[in-house]
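The values are calculated or read from the model by the stated rules, or taken from the named source; none is laboratory data. Note that this is a predicted model, so its numbers are computed, not measured. Please note: Cβ atoms are built from the backbone with ideal geometry, for glycine as well, and neighbour counts cover all protein chains shown.
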Ligand SMILES: Cc1cc2nc3c(=O)[nH]c(=O)nc-3n(C[C@H](O)[C@H](O)[C@H](O)COP(=O)(O)OP(=O)(O)OC[C@H]3O[C@@H](n4cnc5c(N)ncnc54)[C@H](O)[C@@H]3O)c2cc1C
């Protein structure tokens, strides 16, 4: 039995995956005096944590597994332009994942996810503040998220969703906006914008910058981050866990945390974690705007998120179920442009840059996997789907507590990887 399993608390940890989840876990382990090494097959923020929309918005962290998604999934098989896309040639493992996912697209399952997520969503912004107060030199910006619709009628679906979300205990303070109110707040909108819903109490950040600053802070506090270390297997000893790279380089520590995002099932599947996680890939790009955007804009009917980004606007969208390492499909980017452009004026869509594709780690039951595996001293953290940036720091905080005390925090119970 290694030190963590004995309850003595580990002295050293190896974290695999340098995304928001892995680095947050490393940072909070350091708070408990644990020596950390973070290994990534590519480098810091190489996965979904770089080009995402950067919203820290617990008020919109509505689970994906609502019953309507089943219908959208069927439509998407026929339409390459649909916000949700499943290629017809999907492999059998993907079909089996999608069937399991579809089985969880019911209101009771949806409510279970909302309830479980309450603990993460209630504390997610505080966890960001702990990081920035503790030396992470990146900012988070307080701003409302405004959802924009063609008409008041079209806003009905999101209003109903928010009603269900708050009835299940979530906090999502929101106000309806008329066409003139929404356009007064957002001069970038065209006259296509006929109504809005403003969610207060949200924030946004530049995710790549934030994750790099987090990595700098982990280093500054004595941690090591190694790029180019592609973990292929994990071995267990009496006193340590050893991870082995594709080139047969090994690294040992008292405990290991696998935080490899959409790739997590490759290693975790052998550690008793039966809930599969697949890549729900999204795309983003940056476009210049004539008037600077000051707050995030959400276009729910086409599932596109727009965020102020370095004096321009980052546009993110689509959910494409393909391999996390598959090449990008430019048609998906064009579909985002076609669906979002009519809502805006003064956006130079042809000058888009920074085009990016990244894999959201989507679990089959809508809940992340956070906690201990069947192997003593080996933990996993991932599968946050659409909301891993928002929930990454609080996940790291709670998991570090679990690892160091040897006791599963009550709020992590629903996310038990061995469920
Ligand atoms: C278009 C888009 C928009 C999004 N917008 C938002 C948003 O606004 N707000 C929000 O909260 N969330 C958002 N998300 C979701 C969020 O980006 C993810 O949930 C989150 O980044 C997942 O973080 P992670 O650390 O688990 O995984 P990742 O960031 O993917 O990190 C995993 C890391 O593991 C490494 N790795 C993988 N396998 C190995 C291996 N075998 N050995 C070593 N290293 C390995 C990878 O290189 C990678 O760096 C969005 C996602 C997308 C795609």
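Of the helices (runs of 4 or more DSSP H) entirely within the stretch 176-295, those holding at least 2 residues that are surrounded by fewer than 19 Cβ atoms within 10 Å (Cβ to Cβ) and at pLDDT 95 or above occupy 179-185, 207-220.
Give the residue, chosen from 359, 393, that is within 13 Å of the ligand (Cβ to nearest atom) and in a helix (DSSP H, G or I).
Details: 359 fails: in a helix (DSSP H, G or I).
Within the list 359, 393, the selection yields 393.
May I ask you to verify whether residue 262 is within 23 Å of residue 417 (Cα to Cα), touching a strand residue (DSSP E or B) at 6+ places or on another chain (Cβ under 8 Å), within 11 Å of the ligand (Cβ to nearest atom) and in contact (Cβ under 8 Å) with a residue 12 or more places away in the chain?
Values: within 23 Å of residue 417 (Cα to Cα): yes; touching a strand residue (DSSP E or B) at 6+ places or on another chain (Cβ under 8 Å): yes; within 11 Å of the ligand (Cβ to nearest atom): yes; in contact (Cβ under 8 Å) with a residue 12 or more places away in the chain: yes.
Yes: the conditions hold for residue 262.
For the criterion of being in contact with a helix residue (DSSP H, G or I) (Cβ under 9 Å, 6 or more places away or on another chain), in a helix (DSSP H, G or I) and touching a residue at least 40 places away in the same chain (Cβ under 8 Å), residue 102 fails. For the stretch 300-315, the set of residues classified as touching a strand residue (DSSP E or B) at 6+ places or on another chain (Cβ under 6 Å) and assigned to a strand (DSSP E or B) consists of 304, 305, 306, 307, 309, 312, 313, 314, 315, listed by residue number. Of the numbered criteria (1) more than 10 Å from the ligand (Cβ to nearest atom); (2) part of a helix (DSSP H, G or I), the one residue 376 fails is (2). Residues in the stretch 124-152 that are touching a residue at least 12 places away in the same chain (Cβ under 8 Å), more than 22 Å from the chain's Cα centre (by Cα) and assigned to a helix (DSSP H, G or I): there are none.
Go through 154, 127, 147 for me and flag whichever is crowded, with 20+ Cβ neighbours inside 10 Å and either in contact with a strand residue (DSSP E or B) (Cβ under 7 Å, 6 or more places away or on another chain) or over 30 Å from residue 369 (Cβ atoms) (or both).
On the way: 154 fails: crowded, with 20+ Cβ neighbours inside 10 Å; 127 fails: either in contact with a strand residue (DSSP E or B) (Cβ under 7 Å, 6 or more places away or on another chain) or over 30 Å from residue 369 (Cβ atoms) (or both).
Among 154, 127, 147, only 147 is crowded, with 20+ Cβ neighbours inside 10 Å and either in contact with a strand residue (DSSP E or B) (Cβ under 7 Å, 6 or more places away or on another chain) or over 30 Å from residue 369 (Cβ atoms) (or both).
Scan the stretch 316-352 for residues that are more than 16 Å from the ligand (Cβ to nearest atom) and either part of a strand (DSSP E or B) or without any contact (Cβ under 8 Å) to a residue 24 or more places away in the chain (or both) and jot them down. Those that are more than 16 Å from the ligand (Cβ to nearest atom) and either part of a strand (DSSP E or B) or without any contact (Cβ under 8 Å) to a residue 24 or more places away in the chain (or both): 341, 344, 347, 350.
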